């Protein structure tokens, strides 16, 4: 399984950042890997909620069934999912206050039978670039 971790300081309080990142109906506004939902997105998230969406990286799309694994309002959220062809993914967002600002820690994990060795390394670089772009979009959106 490949893993990408990123952290960024944002010039906004945790409550404001949380309002955007925890609203999964707005996920496509900032997360470049998210193409759209194929199920209803509940207004209130909680552990055990299941959603179906499309993840896209380098033009490759996969339908993922997500499960909310962790949900701690104004602090953290973690989802894991299964997709077509043995794909498994996980992502988490953790927020920490830093004075009047906040730090966002983002983690993404992904695995697929074809992503071994050099292909896995290439996929990790692609996802890292997408996450860097996503955090830049989030900063602009806020």
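Looking only at region 40-83, count every residue that is on the phi > 0 side of the Ramachandran plot and modelled with pLDDT of 95 or more and tell me the total.
Number satisfying all stated conditions: 1.
In region 85-116, how many residues are closer than 21 Å to residue 137 by Cα and in contact (Cβ under 8 Å) with a residue 24 or more places away in the chain?
Qualifying residue count for the region: 15.
Here are the criteria: (1) in contact with a helix residue (DSSP H, G or I) (Cβ under 7 Å, 6 or more places away or on another chain); (2) closer than 18 Å to residue 2 by Cβ; (3) not in a strand (DSSP E or B). Tell me which single one residue 138 does not satisfy.
Of everything listed in (1) in contact with a helix residue (DSSP H, G or I) (Cβ under 7 Å, 6 or more places away or on another chain); (2) closer than 18 Å to residue 2 by Cβ; (3) not in a strand (DSSP E or B), residue 138 misses just condition (2).
Tell me which of these residue 91 doesn't satisfy, since it passes every other one: (1) farther than 18 Å from residue 8 by Cβ; (2) surrounded by 14 or more Cβ atoms within 10 Å (Cβ to Cβ).
Single failed check for residue 91: (1).
The values are calculated or read from the model by the stated rules, or taken from the named source; none is laboratory data. Since the structure is predicted, the reported quantities are computational estimates derived from the model, not experimental observations. So basically every Cβ, Gly included, is an ideal-geometry build from the backbone, and we count neighbours across all protein chains shown.
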